[in-house]
Amino acid sequence: MVPTWSSFGLQNSASPSMEQLTFFHDFTMVVITLITVTVGLNMFLICSCLLTNRLLLQEQVVEIVWTVIPVFILLSIALPSLKALYLLDDPFTPSLTIKAVGHQWYWSYEYSDFPGIEFDSYMLPESDSLSIARLLETDNSLIVPSFSQIRVLITGSDVIHSWAVPSLGVKADAVPGRLNQVMLYVNRSGVFYGQCSEICGANHSFMPIKLEAVPMAYFIKWALKSS
Amino acid sequence: MALRRLERVFCQQLLQSAVRCQSVRAGSSVAHLDPYYKIGKREVVGYGHNGGFNYMDRPDFPMPAVRFREANNEILNRSHYRKTTYHRYFTVLPPLPASFTPENQAIQLRNMIELQVDPIDGLASKYDYEKNQWKK
């Protein structure tokens, strides 16, 4: 998915893990908005009040209340957060493994399960076509089957990059000499974009990720044709 | 009434001591209340990065205390920083990319509708694909 003009929130999710993250984000945003409004209102009322209690020294009850209530607020934030954390870490048996290698300044993908499928993915320059999404389109996109468990092994070849696709809730550093694993499950067909998320040199902003999720039948047809 | 007079006197003294402090930091012992104060031929035009009357190129403090060029008619006519910034904005920054034109945005919007971008509660959710028009 693509961020739309003047968009403020998260992109619509395309995977269960991103759904969980969106729910958690929405819930936490409500809590912190309430806290901000309450504290802001208190500060305003204190500053605007012309009276002062000269004899005020301490108030134990208030101190206990404003310590205990934040404990419950933090617990109410921590529990869904841990639930999302463990859901994201769910180990499952992948049906497909893809390697994503970060280079300066492009991504290369390898489908180890299908012999001979490996390609580089360069950003399309703006001058190629005016109708494409600027700084997001690539010459070759990563094709994956929808409704399938996919493992992506991410590494870098030169400097540290980061492979991120916001609508799938996925981001992992591509570190040279290290393999980071992310699990994907795309629950709708479509085109999903991401950008390199770790500063890696002059063209860091110009190495996007384009992922196309297609039904399994189309994916197998493509894989057989490409290998 | 008396309180207001006292407050005004206090504020004036505070201002004077602040300016005196600035001039002490600049190494001078004279209180500079002259808006056209100069160091040699360079005009003092602001606070700078530490209140000292010197010129330094620092990206975190973009407006030095002392003007770089000598004061002449051209500089004095453009003495406003705001005018300089306005002038700089329209002469130094590059033009917007071609994708910002309304025609290109319309094409991109058509592409995004066809790709069903944000179909849950975003762009595509507001488009009626059966009638091929925006939902009312």
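Coordinate-derived values only; no laboratory data. Since this is a predicted model, take the numbers as computed values, not measurements. Counting neighbours? That spans all protein chains shown, and the Cβs are built from the backbone with ideal geometry, glycine included.
Quick notes on this one:
- Take each residue in A:3-12, count the other chain C-beta atoms within 10 Å of its C-beta, and the mean is 4.
- Rounded to the nearest 500, the helix-only mean residue ellipticity at 222 nm of chain A stands at -11500 deg cm²/dmol, with each DSSP H run of n ≥ 4 adding -39,500 (n - 2.57).
- At least 20 Å along the helix axis (C-alpha) and Kyte average at least 0.5, DSSP helices within chain A: A:16-48, A:60-88
- Length-normalised contact order of chain A in % [C-alpha pairs under 8 Å, at least 6 apart]: 22
- Amide H to amide H distances under 5 Å link B:Tyr127 with B:Lys135, where only residues 5 or more positions off or on other chains count and H is placed in the peptide plane.
- A protection proxy built from the mean count of other Cβ atoms within 10 Å ranks the segments A:30-42, A:145-157, most packed first, as A:145-157, A:30-42.
- Antiparallel beta bridges, as assigned by DSSP with both residues in region A:125-227, represent about 75 percent of the total such bridges.
- Inverse mean reciprocal Cα-Cα distance (Kirkwood Rh) of chain A, Å: 20.6
- Across region B:44-53, coupling constants 3J(HN,Hα) worked out from phi with the 6.51/-1.76/1.60 Karplus curve, θ = phi - 60°, read 8, 10, x, 8, x, 8, 9, x, x, 8 Hz, and Gly and Pro carry x.
- By DSSP, the beta bridges lying fully in chain A are antiparallel in about 70 percent of cases.
- Neighbour counts of other Cβ atoms within 10 Å put A:Ser205, A:Ser108 in the fewest-to-most order A:Ser205, A:Ser108.
- Within the listed set A:Glu137, A:Glu19, A:Glu59, the residue fluctuating most in the Gaussian network model of chain A (springs between alpha-carbon atoms under 10 angstrom) is A:Glu59.
- Averaged over peptide B:118-126, the number of partner chain Cβ atoms lying within 10 Å of each residue's Cβ comes to 5.
- By the count of neighbouring beta-carbon atoms within 10 Å, fewest first, A:Thr28, A:Thr67 end up ordered A:Thr67, A:Thr28.
- Average 1/r across all pairs of distinct alpha carbons in region A:1-111, invert it, and you get the Kirkwood radius: 19.3 Å.
- Ordered by the count of other Cβ atoms within 10 Å of each Cβ, fewest first, B:Tyr55, A:Tyr86 give A:Tyr86, B:Tyr55.
- Under a 5 Å amide H cut-off, with hydrogens placed 1.01 Å from N, A:Ala174 pairs with A:His161, A:Ser162, A:Trp163 among residues at least 5 apart or on other chains.
- Cα Rg over Rh - region A:119-227, Kirkwood: 0.97
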